[in-house]
Amino acid sequence: MPSLLKRGKMVLMRRVYLDNNATSPVLPEVFEAMRPYFAEHFGNASSIHHHGQETRAAVERARASVAALLGCRASEIVFTSGGTEGDNLALFGLLGSGDHLITSAIEHHAVLNSSKHLQSRGCEATYVPVDGHGLVDPDDVRRALRPNTKLITIMMANNETGVLQKVEEIGQIAAAADVYFHTDAVQAAGKVPLDVKRIGCDLLSISGHKMHAPQGVGALYVRKGTRLEPMLYGGNHERSRRAGTENVAGIIGLGKAAEMARQAFDGGDWKRISTMRDRLQDKILAELEATGVNGDGAPRVPNTTNLYFDFIEGEALVIALDLKGLAVSTGAACSSGAIEPSHVLTAMGLPRARARASLRFSLGKQNRPDDIEFALDLVPQAVARLRELSPLRHATASK
Ligand SMILES: Cc1ncc(COP(=O)(O)O)c(C=O)c1O
């Protein structure tokens, strides 16, 4: 932990982490469940001796736990290295030259860049827009259908705004058109109840590290009967859908996190988190002018709020807050040396200046009410200070 020198004494700086949509800490219970699989239980799950069988049984228990979280059969779960691989496997596993896919303008780059790459291989793609709240209109999806449409892929929850799409309606459109439906549920899993049958999807990706399991593990739900071309060839792991020795400890961690996520829905943990999120958001809005919520008015996951602070640069605010011990983020990306505003916020119609003045706060299960008070002590002050210095202050935010 970084330290400060204060009156000649070293003092630890308090750090509060509100960037759980980027990655979330492994919960102690998850870590404890994983621990034996680094040492005593080291077997290869494909080995037929005692060590292998012990590991195989644990992997299958984890598979059942993930399946219970998603409402599917254990045999429909394929373990992956994370959300990116799950999204890639869904798209590349289904689509070939001449096929058409429908996606949205606000998907994660794991979907957007896969889709662009597929276009370079002879696929056609339609990117449906979103409205000012960040919502896809299911009718736009319906209108985009073509005779050669093979897949609709629309995310369940957006990573920047937390906005939840009408996936059930989109699932019905896909079913009526006899088209596959994939949803990237990486930012929804563990935060809102999921049921693949209710959603009506054929494929759904999740990622461990967004739900307090480790980085580098995830899962793809593949509805029974869906013919997916694998991306990795080798042994017959994961029923020949994903070759490679399993990341056993990661899978055990994902299984434990899935079990805890299910219990948390019954235990009211998400009410606790949404109460903290709402306090953070409401207090900031009450204290600052020219500030608002991106995605307001749409259903959102309970842990995320994305706020704009007109007349400042989001990056500058992230750095100012980090220097004081608060970790948050912007959705901006650095491309060829220039900071590009978030593609999600610009697709929602935000002017570039406002998109660049936006910050995402995302809470996790480890956060406590005093973390929110800590953030509330810092954010309004830091924004006011940056606005005092800002040359943008005298310009309008709509440029
Ligand atoms: C919506 C969404 N999809 C996919 C991913 C990629 O997941 P992973 O980091 O596990 O590859 C992320 C990660 O930020 C995400 O937020």
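The values are calculated or read from the model by the stated rules, or taken from the named source; none is laboratory data. Just so it is clear, the model here is predicted, and its values are computed rather than measured. Backbone-built Cβ (ideal geometry, glycine too); neighbour counts: all protein chains shown. Note: accessible area is taken over every heavy atom of the protein model, side chains too, but ligands, DNA and RNA are not part of it. Shrake-Rupley method; radii C 1.70, N 1.55, O 1.52, S 1.80 Å.
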Take every Cα pair under 8 Å in segment 1-128 that's 6+ residues apart, average their separations, divide by the length, and report that relative contact order as a whole percent.
13 percent
Suppose each label sits 7 Å from its Cα in the direction of the beta carbon; what would the residue 169-residue 38 distance come out to in nanometres?
4.7 nm
Using only the alpha carbons, work out the radius of gyration and Dmax of the chain in angstrom.
22.0, 73
Can you list which of the GluC sites (Glu not before Pro) found in segment 25-107 are DSSP loop residues with at most 10 other C-beta atoms within 10 Å?
40
Where the eigenvalues come from the Cα gyration tensor of segment 70-148, what are the semi-axes √(5λ) of the equivalent ellipsoid, largest first, in whole Å?
22, 18, 13
Given a cut-off of under 8 Å on Cα pairs at least six residues apart, what relative contact order in percent is computed for the chain?
21 percent
Note: probe point = Cα of residue 285 + 7 Å toward Cβ; backbone nitrogen < 19 Å; residues of segment 303-320 passing the test are 303-311
Phi to ³J(HN,Hα) by Karplus 6.51 cos²θ - 1.76 cosθ + 1.60 over segment 352-360, Hz, x for Gly, Pro:
4, 5, 6, 4, 6, 9, 10, 10, 9
At the level of C-alpha centres, the distance separating segment 264-333 and segment 74-131, in angstrom, is 29 Å
Volume per residue of the C-alpha convex hull in segment 1-122, rounded to whole Å³:
212 Å³
At a 1.4 Å probe radius, carbon and sulfur cover how many percent of the accessible area of the chain?
53 percent
What pairs in 116/191; 197/365; 116/224; 224/271; 150/210 have C-alpha atoms more than 31 Å from each other?
224/271
Using the reciprocal of the averaged 1/r over all distinct C-alpha pairs, how large is the Kirkwood radius of segment 78-122 in Å?
10.9 Å
Modelled label-to-label distance, residue 50 and residue 243, 7 Å Cα→beta-carbon offset: nm?
3.2 nm
Using the basic label-point model (7 angstrom from Cα toward the beta carbon), what is the residue 352 to residue 323 distance in nanometres?
2.7 nm
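Based on Cα coordinates alone, diagonalise the gyration tensor for segment 173-284, multiply each eigenvalue by 5, take square roots, and list the semi-axes in whole Å, largest first.
In descending order the semi-axes read 30, 20, 12 Å.
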Please report the relative contact order for segment 276-398, taking Cα pairs under 8 Å with a sequence separation of at least 6, and give it as a percent rounded to a whole number.
34 percent
